[in-house]
Structures are given as C-alpha cells and as structure tokens.
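I have placed the structure first, in the form of structure tokens, so that the comments after it can refer back to it.
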Amino acid sequence: MINKMRELDRSRVNALHSVADRWKALPKWQRSLAFVAFVVFLYYLPLLGIPGLTWLRTDSISGGSNWAGVLFTCAVYVLVAIGLNVVIGLAGLLDLGYIGFFAIGAYAVALFGSVNSPVVQYFQREFDLPPTWAVTWAICAFIALVMALISGVILGWPTLRLRGDYLAIVTLGFGEIIRIVARNMEGVTRGPQGIAAIPGPEGPPSSDNQIFGLIDIKPWYWLAITVVLLMVFAVRRLEHSRVGRSWLAIREDEDAAAVMGVYPFKFKLWAFAIGAALGGFAGFLFASRYAFIDPTQFNVNLSILFVAMVVVGGSGNMVGVSVGAVLLAYLPERFREIADYRWLAFGLAMVLVMILRPQGLIPSRRRARELKDRAAEAEEAPAHV
Amino acid sequence: MRRSYSRALGTAALAAVLVAAAGCQDTGSSNGDDAASGDCGGKIAIFGAFTGDNAGLVLPSLNGAKLAIKQHNDANADCQIEMVEFDTQGDPAQATPVANQVAGDTSFLGVIGGHFSGESDATMPVYEAAGLVMVAPSATRTDLTQKGNKSFFRVVGNDGTQAGAVATYLKSQNAQRVFLIDDASAYGAGITAELTKNLGATVAASDKIQERQSQFEATISKIKAANADFVFYGGYTREAAPLVRQMRSAGVQAKFIGPDGLYDPAFPAGASGGAEGSIITCPCLPADKAGGTFTADYQAAYGQAPGSYGAEGFDAAQIFVDAFKDGKKTRAEILEFVKNYDKQGVSKYIKFAENGDVDPSRVVIWSYEIKGTAFEPLQELKLS
Amino acid sequence: MNFDDLFGHIGQHTVDGLSKGAIYALIALGYTLVYGVLRLINFAHSEVFMVGTFAVLGLWTAFGVENNPPIGQAVLLLVLGLIVAGLASGGTALAIERIAYRPLRRKNAPPLIFLITAIGLSLVLVEIFGLVLPKLLGEAVPSMFGRARIILGMPTIIESKTLFTVFGTSVTNIQVIVFVAAVAMMALLDWFINRTRYGRGVRAVAQNPETAALMGVNQERVIMLIFVLGGIMAGAAALLWSMRFGFTQSSIGFVLGLKAFTAAVLGGIGNLRGALVGGLFLGIVEVYGATLFASNWEDVIAFVVLVVVLMFRPTGILGESLGRARA
C-alpha cells in the first residue's frame, strides 16, 4: 500500500513539476496577467458564487461557519506560516513556541488598545484621560510589531547559541510561559477572563462602524489578504537578498558558512526576529478582528498546528506553506464531521508526509535537492546514523 | 508560436471568467427563506463546545435543548422549530465566525448559547448588533451581565450566586479556617474570587494550581501549614480528582468542597474513593425534586441522567418554544418575549432581571455529598 | 513570596521534591538513551509512558482490583504491573522505532524531520487513546476508556502511611518505594550499559558508529535495544506513577514528557547519571518554586531554570556522554 501511495505521489509531483516548467516557459506578460487574475480571484473569494464552486463555501453546510470568517482565519494562518517559514524553512531552526509571538502581538493590541484592559485603565487614572481613551489601532500595530520583534531577540539571544534540538524544547517552553504569564498576571492582562473591546481600524468594535462592523467580515478578510500579499512580496525580496542566501548557507552547512565569513549567530537571530515580528503581526490582526482574546486561545496545540502547516505544505517554499496553512485551517471547517478527528488527522499527516515526502507537498526545489543529497550520502556510507 | 498564442488566449479567458464571476451575486449567505413557512415555528441556533476536550461539560445541555425541541415538534406538526447546531469547541475564535454567520442569516430568530463565558463575551456584541437574543445555559461569569448588553440572558445563576451559597453553607458548618484553591481558569478563578469576597476573615490561605497539573505536594503542604478545616476547590474534574486523593493520602482531613464544575461522575470515579464525603454545590435540582417528567424523559432519550446543565439547556430551548407558540416571528418580537418571560422551568423559576441575569432570588442551589460514585442530595442552600 | 513556609519546612519540601523528581528521572532515561546513541529527541517517548499507564490500568481492571488489597496480592499486582507496563511501553517504543524512525534513518534525514515525525506520532497516539479507543471500547470497558480524555481513576494498591518522621519531616512508605525503586531501576540500567557485553555495544555505537560497525557491532540491534530499554524504564515509571497517583488520561504524557526531557537536558543529555541528577534537581526546584510563589507558576520556574542552566552550562550539569567522555 505504501508503494502505491509513493507511486501516486510521484505522478502527482511530476504533474506539479510540468505545470511549474510550463509556467516558467510563459512570456512575462502572460505570467503577470495570470498573477493579476489570481490576486483578483483572492479578493473575490468571500463573494464566491460561481456555480459548481459554491460547495467550497463553509456556510453551504448546516452548522457551517461564516465563509468570510473562515477565509480570514485562513489568511491569518497563511501569514503565520510565512513567518514561521522564515524560521524553519529558510534558516532551518525549529521553533515550537511560535504561538508565543502570536500571543504577544495579540496582547499588545489588547493591552494598549482596549478600554477594557487594566493597562489602559491605569493610564487613564494616572494622566486624567477620558474613560474612552485608548491607544489608536495604527499605533497598536506598531507596538505589536516592535514587542514581538524584541521578544524574538530576547528569546533568541541566549538560546540560538544552543544546539538545534535544544532550541526546539526551549522555544516550546517559551510559548507555554507566555500563555501562563498572560493567565496568571491578572492585574495586567485580566488573566483568564480575557480582554474584550479590542479595537479595529475604525476604533472599538461597534455596530456604528461603517466598514469594519460586527456582522459583515468581508472587509476584515480583504484587509488580511492585503497584508498577506505585502508580506509575501517582502519576504520574497528578503529570500533573494544577501540575508536570504546567508540563511541558506547556514541551513545547509553551518560550519562551512562560518568559514566563508557568514556569521551564523547574527543571521539566525535575524531570522528569529523577523519570524517573530511576522507572528506578532498575525496575532495583532487576529486580536483586532475577534475583539476578544483570552489565554486559552494560545495553547501549545496551536504551536504544533503552525509547525504542521509549514512542514506538511513544504518548508522553504512560500506557496507550499501557504497551501499547508489553508488546508489545515479550512478542511476542519468545511468538513465538520471530521472536526473531532482533526488532531488525529494532523498527526497522521505529519508522520506520513515526513516519512514519504519529507520535503512537503509542494516542496522548495532546493530543499528537495538537499534531502536527496543526504539520502545519497546515506547510501554511500550506510553505517552513519 | 501557435501554442503560446492559444495559451495566452486561455489565460485571458480565465481572467475574464474570474472578473465576470466577480460580478455575480453573493449567493451563499441568503439561503434561509425556507424556515419561515407556515404561521408558526422558526429557526434558532445553538452553539458551544460539542466536540473537543470540553464537550463532556456541554453535551448534556445540547441534549436537553434537543429534547425540548423534539417534544414540541412531535406534539405540534403544524408548528415546527428547527434548531441548527454550531460547534465552537468552546473557542472564542471559532464562536465569532459562527456568530457572524447566524447574525447575517436573517432566518435565525434566536440563539442558545454560549456555554462558556469566553465565547459568550466574544460574541455578545455581534448578536446584540443583529438584535438576536441569546439565552445562555451555562455561561456563569459574573461580569457578563454587567456590560450593558441588551440581548444577553442566562437561565443559570452566576458565579457570584453560587459563591454566596457556598459561603452560607460554610458559615452554617461553622468553618473557621477555609483554604481556597483554584485552577486559574476563567470559571475556577472567577468563582473562587467571589467566594474570597464573601468569606472575609475565615479564609486561612489560598493557592492556585494550573490545568493538567498532576502532583500537588506544594499545595498540600500549604493546606497542612494553614491547618485548614475546609478546602474549597474552584475548577474542574481533571485536577480536582488527583488533588483530593493526594490530600487524603497525605492525611489531610479537611472537608473538600467544590462547585458545579465537579458535579460530574468522572470526579468520584477519577479519585477512586478519595472524593468520598466531599460536598459539591450545584444549581441543579435533585431528580425527584425537578418538576414534570424532564429527568425521566431525558433518561429515556439518552440512556443517562441529565448532567450538570441538561435542565438549563432544556429551559433555554423551552423559552424559544414558548415564543414561537405565542406567534412571535421576528427577532425583535422574540427579544421582547424573552425579556418578559415569567414561567416555571425545569431547573428553576425563570424570570429575568433587567441586566439579563435570571432573578437571583429564584436560583436554586443544592448541595450534594459524594457517596461511592453517586451524588446524594443533601439540602437546598440559602443564597446569602 | 512565602519564605517562611519554604525555610520552615525545607526538609519536607526536599523529600516531596525528591519523590516527584524520581519519576521524572525514570522517564528522562528514555530520552537520554536514545539521544546518546542517535542524537535524536524521541519526542514520542512521553506517549510510551502514557501507554504504560494504560497497560497498568488494563491489568488492574482485568483483575477487578479494589482499593487496598491485602499485602501479598498488592505485591503480586505490582510485579505483574511492572511486567505488563514494561512490555507495553517497550513494545510501543520499539514499534515507533521500526515504523517511523528506521525509514527516516535510511534516508539520513536531518534531525528536524525526526523531531516533526515524533510530534506527529505523539499526536496520533494521544488521539488513539483519547478518541478512537473510547469510541470503539468506551461502552465495553468504561473504566479503561470511558473518560480517557479527562481522567480515569485506578484503585489504591498500597495505602500511604507515614513511615518515619525526622525533625518534623515525615516520609511516607509510598515516597520511599517510589524513590528506591526508581534509583534501583537506574542502577540496574547503569550496570547494564557499563558492565555487560550489550552495554559495551551501546557505548561503542554512541561514541563512534562507523568504528563500532567495523568492529562488528550490529548497529540496528543496538538501536532496537536502546529503544526497548528506554521503553522499559518508562514502563517502570508508569507503574510507579499508577501506584502513587492512581490516575491516567490520554494526554498524561505531554506535561510529564516535557518535564522529563527538561530533566534530561538539565543533567546533561546522553548521560545516564545526569538523568537522575536532573530529575531530582527539577523535582526539588518545582516544589520550592511552587511553595515560594503559587503552584500555577511551577512550569514557568522549571523553564526559566532550564534556560539559565543551559546558558551557563550548555551541556547540562554533569555534561553529555553515554558511558564515557566523548572527544
């Protein structure tokens, strides 16, 4: 059976490659046109009404969630996956505590932007501000980004010098610590009660808001997808810059990279901080859209889900990780019958993908080649473990 | 050359189709004109953690609500009520898109939920903006009804009410040194904080544990140091069972008291005898005191006794059944109906105060003692 | 900060911490053995422990054991429990090795891939015991699978009694049994690795796989051996756990596994005696920390201590090595 699966997979990969080759062979203007069409399609998705495709909508089943709402979740997860891909896929560092950065971003906007938060209430008391005063959304965005970035550096500074597998466990601990601190520091975060009334671009949630109202979620999706596209563009630039090439060198052979004058620690820290900032920004979007967060939403399962998105999709390849994120966020929503089995399915997917296709469903070509090289080395020297 | 031409044409055609399709109508969210057929009946939603780790706490309520709807539908062929289940796993981030969906689909006339306080807090503004009434069977956090929300009602007493009852019970038992423990969850910490306010000087000391904790040496040595005669634990079964058992095996004799989170057969079973004699308070009536045939019907339908919030789920659904029977057809009419509801339910007499809490004087809280694996009703507790 | 309580009862807290840490140490051995030889974090080892507790529960359920059986019966139950848990845990560990790790090893996959596979396996095992088996067998054997997700109680086999009291510090029979049994198991393992022919093979592969292979050590067999040994230790931990705490659940392994791994790293991963030192150290730190602050800060304290130790001693308290120092 495993052989059959392998064969199926191989034919799928061949098809994928031939599509990719043909794509590359197209003239540039056609490629741009197709790309524009794809982007237009992304923006059109929440309105999806093409006959024959409406079954894709999550509200086409009884008890299904809001379609635009699910799309928003997918978009945020794609953002998370892109950020985590910088850490895992590009720099080759396993971060099991990515939820921590996500939580920091979410709590940044909650603590500074919501009138419900003890921090804002403290400022109101100390400086005689009106009870409606809170930090504006746009400034909160900046705060979220900076706080996540700084926490990335603070976590990375002592731990990135450690060996790779220690990093995994220390980051896992970090993610838990953030959640536990958010839960225990009741005077700052309202602890398990959570913080409500987190603002959006138009201020605190209210039915009077023109665009980002309470019921219609489409504008939120459009905002998120815009951020995703911008970030995809930015990370793509980064990937092909000097920094990106340094990550690649470190991932493939840290010692060789160091000999060539690429200081591994510095670039690892960069990857960690950039990943953290992206995760924080995703958390920021998440919190502003839901207008309510509590510590239970940032548990370790979500961290593992994030890793699963990246590795199942194909770490190192932005298209791959995005597809992974969308699949893992979307499938349990659309197929509610399997909702109970989602963790079993995620676990199985991780094991099967790693054994049969360690490079992921839509791999980065370079990464696939690295794995192949290693496998070839193993055949030459079978004794080495 | 020809090939690339045809491909270019294809690309352009694809783009054209997509753009054209973008002009199409948004068909998905307005498919709900089927439910309003006939003069009576309608459609409501129920949301909560129907799958996942916390499902055990919520399913009795769902079953109770289903039972009420089924009994009505069987008896009134001309007045059918449809109840759509939305699973949120208790996660506010999953409950919010559900709220958007229900609020945006005008065929929904009312909502049963939320079952947890977090998901209720997150979705209350959405339902309020849509003018949809929420009737919560088990969201007990005190401050939910202090936010000025106009469409949130609950058929269950809040944490403050139950904490008040626990406090009067402790006073009646002449408790001198009470040790308070909570699990730092919204529910456990909430009820314990209320109790701390009520007890005043009789609180000897306190500790907080964390979820999934298994070993309680530090907490137990604090209980010993405080020389407590009563231990109150605010939280759920998973941590309470090993805690009480380890207390007993460490020789702590203090009486163990817990709120309705422990009104769960898994608690005495999980503690394997360690929970013997513990007192559990619950705003649920003993089977023989509950009005009507609810307990028997539930037993017949699901093969087990109604759990902690089965009766509340039934009552929440019954309110909507009564509204539809009364010929209410719009969200506004039903909201108004719920606001003025005044009737005996199976869990308690239901009449709402201005803020949406069930009339506090009507809340009934019973104490139960654990004998073997059973909960033996002791007495009805005074609320303050 | 409750210094009075901490220093007033420092002896009691230390005893509590030691008995807590003994179980961490036993589980930590599994991580350390596998890491010492394969340089691989067997993340699924926590589930090896979990399966062991279910095996013990199954055995006791099958015998219809009630609370506090007579002493002869109790000893028999514990011995049988050790065998059953050892078989179940050892078998699970071996199955994990054969199904997941061996194919990866053949491909010389990078450590990241092993780790992610292990996380996936861990999820699968938890869901099998928490969801699939309860759905299939929950009605038939409710005491084993009924509420496997929340909690399953086990009968008390040996009642806890205070054995002796020194300077206000009381030590119970259970604490003594747990501690002595854990240390004995470890001593046995230490002897096995350092004194027997098989152990020599393990050390050889740990030090240099190529040379060991040239010297005629069957590497695959050594790898299987270490997984089984680690599994048996986890089985022993599962039995001690069941005896002391008397409950389990499908996700019981996660927190314990994390703590045990922390203990292994603290003591110096790959180092058997380090696992013992790390486990006991962590147990004591946790009890002190929970006394000083509140119990809900316990995990934070454990991780902060881990990071601090790693910053100053990146190879842990006793340093890394399986058997002998590595070049």
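Taken over segment A:19-46, the criterion of being more than 11 Å from every other protein chain (Cβ to nearest Cβ) and either modelled with pLDDT of 85 or more or part of a loop (DSSP other than H, G, I, E, B) (or both) is satisfied by A:K28 alone.
Here A:L96 passes the criteria (1) more than 10 Å from every other protein chain (Cβ to nearest Cβ); (2) surrounded by 18 or more Cβ atoms within 10 Å (Cβ to Cβ) except the one numbered (1). Among the residues of segment A:353-385 satisfying the criterion of being facing another protein chain (nearest Cβ under 7 Å) and out of contact with any helix residue (DSSP H, G or I) (no Cβ under 9 Å at 6 or more places or on another chain), which is modelled with the highest pLDDT? It comes out as A:R374.
Name the single residue that is nearest to A:R179 (Cα to Cα) among those in segment B:218-232 being at the interface with another protein chain (Cβ under 9 Å from one of its Cβ atoms) and in contact (Cβ under 8 Å) with a residue 12 or more places away in the chain. Only one residue tops the list, namely B:T219. Looking at segment A:228-245, is at least one residue under 29 Å from C:I116 (Cα atoms), within 14 Å of chain B (Cβ to nearest Cβ) and crowded, with 19+ Cβ neighbours inside 10 Å? The answer is no, given that none of the residues of segment A:228-245 is under 29 Å from C:I116 (Cα atoms), within 14 Å of chain B (Cβ to nearest Cβ) and crowded, with 19+ Cβ neighbours inside 10 Å.
For segment A:174-184, the candidate set comprises residues that are out of contact with any Gly (no Cβ under 6 Å at 6 or more places or on another chain) and hydrophobic (A, V, I, L, M, F, W, C); within that set, the residue that is farthest from the other protein chains (Cβ to nearest Cβ) is A:A182. Restricting attention to segment B:259-277 and to residues that are at pLDDT 90 or above and away from chain C (no Cβ under 14 Å), the residue that is nearest to B:A228 (Cα to Cα) turns out to be B:G277. None of C:S160, C:S170, C:S143 is among the polar types (S, T, N, Q), within 12 Å of chain B (Cβ to nearest Cβ) and assigned to a strand (DSSP E or B) except C:S170. Scoring A:A37 on the criteria (1) surrounded by fewer than 17 Cβ atoms within 10 Å (Cβ to Cβ); (2) more than 26 Å from A:F306 (Cβ to Cβ); (3) within 26 Å of the chain's Cα centre (by Cα) leaves a single failure, condition (1). When segment A:47-81 is filtered for residues that are more than 8 Å from chain B (Cβ to nearest Cβ) and outside any loop (DSSP other than H, G, I, E, B), the ones remaining, listed by number, are A:W55, A:L56, A:T58, A:L71, A:C74, A:A75, A:V76, A:Y77, A:V78, A:L79, A:V80, A:A81. When the residues of segment C:113-127 are narrowed to those that are aliphatic (A, V, I, L, M) and without any contact (Cβ under 8 Å) to a residue 40 or more places away in the chain, which ends up surrounded by the fewest Cβ atoms within 10 Å (Cβ to Cβ)? Once the filter is applied, the top-ranked residue is C:I113. The residue that is nearest to A:R289 (Cα to Cα), counting only those in segment B:59-113 that are part of a helix (DSSP H, G or I) and among the charged types (D, E, K, R), is B:K66.
Counting the residues of segment A:100-131 that are touching a residue at least 40 places away in the same chain (Cβ under 8 Å) and in a loop (DSSP other than H, G, I, E, B) gives 4. Looking at B:D74, B:D87, just one residue is more than 9 Å from every other protein chain (Cβ to nearest Cβ) and under 27 Å from B:F294 (Cβ atoms), and that residue is B:D74. Tell me which residues, restricted to segment B:292-332, are of a type in the set (D, E) and either surrounded by 15 or more Cβ atoms within 10 Å (Cβ to Cβ) or within 14 Å of B:A68 (Cβ to Cβ) (or both). Matches in segment B:292-332: B:D297, B:E312, B:D315, B:D322. Of the residues B:R141, B:R154, the single one that is basic (K, R), crowded, with 20+ Cβ neighbours inside 10 Å and facing chain A (nearest Cβ under 10 Å) is B:R141. Screening the candidates A:G152, A:G187 for the property of being away from every other protein chain (no Cβ under 14 Å), in contact (Cβ under 8 Å) with a residue 60 or more places away in the chain and of a type in the set (G, A, S) yields one hit, A:G152. Just the residues that are closer than 11 Å to C:L310 by Cα and within 7 Å of chain C (Cβ to nearest Cβ), please, taken from segment A:160-173. Hits for segment A:160-173 are A:L162, A:Y166, A:V170. Going through (1) over 15 Å from A:A273 (Cβ atoms); (2) assigned to a helix (DSSP H, G or I) one by one, A:V146 falls short only on (1). The residues of segment B:279-291 that are modelled with pLDDT of 90 or more, of a type in the set (A, V, I, L, M, F, W, C) and buried (at least 24 other Cβ atoms within 10 Å of the Cβ) amount to a single one, B:I280.
Listed by position, the helices (runs of 4 or more DSSP H) contained in segment C:60-135 that have at least 1 residues being within 14 Å of chain A (Cβ to nearest Cβ) and either among the acidic types (D, E) or touching a Lys or Arg at 6+ places or on another chain (Cβ under 7 Å) (or both) are C:111-127. Only residues that are over 21 Å from B:T140 (Cβ atoms) and in contact with a Ser or Thr (Cβ under 7 Å, 6 or more places away or on another chain) were counted in segment B:223-242, giving 1. The set of residues in segment A:309-335 that are at the interface with another protein chain (Cβ under 9 Å from one of its Cβ atoms) and surrounded by fewer than 24 Cβ atoms within 10 Å (Cβ to Cβ) contains only A:E333.
Look at (1) within 14 Å of chain C (Cβ to nearest Cβ); (2) crowded, with 24+ Cβ neighbours inside 10 Å and you find that A:D294 fails only one, number (1). Residue-level check: of (1) part of a helix (DSSP H, G or I); (2) within 12 Å of chain C (Cβ to nearest Cβ), A:S288 misses just (2).
All conditions in (1) more than 8 Å from chain C (Cβ to nearest Cβ); (2) within 20 Å of the chain's Cα centre (by Cα); (3) touching a residue at least 12 places away in the same chain (Cβ under 8 Å) hold for A:M350, with the sole exception of (1).
The values are calculated or read from the model by the stated rules, or taken from the named source; none is laboratory data. All values derive from a computational prediction rather than experimental measurement. As a convention, Cβ positions derive from the backbone with ideal geometry for all residues, glycine included, and neighbour counts pool all protein chains shown.
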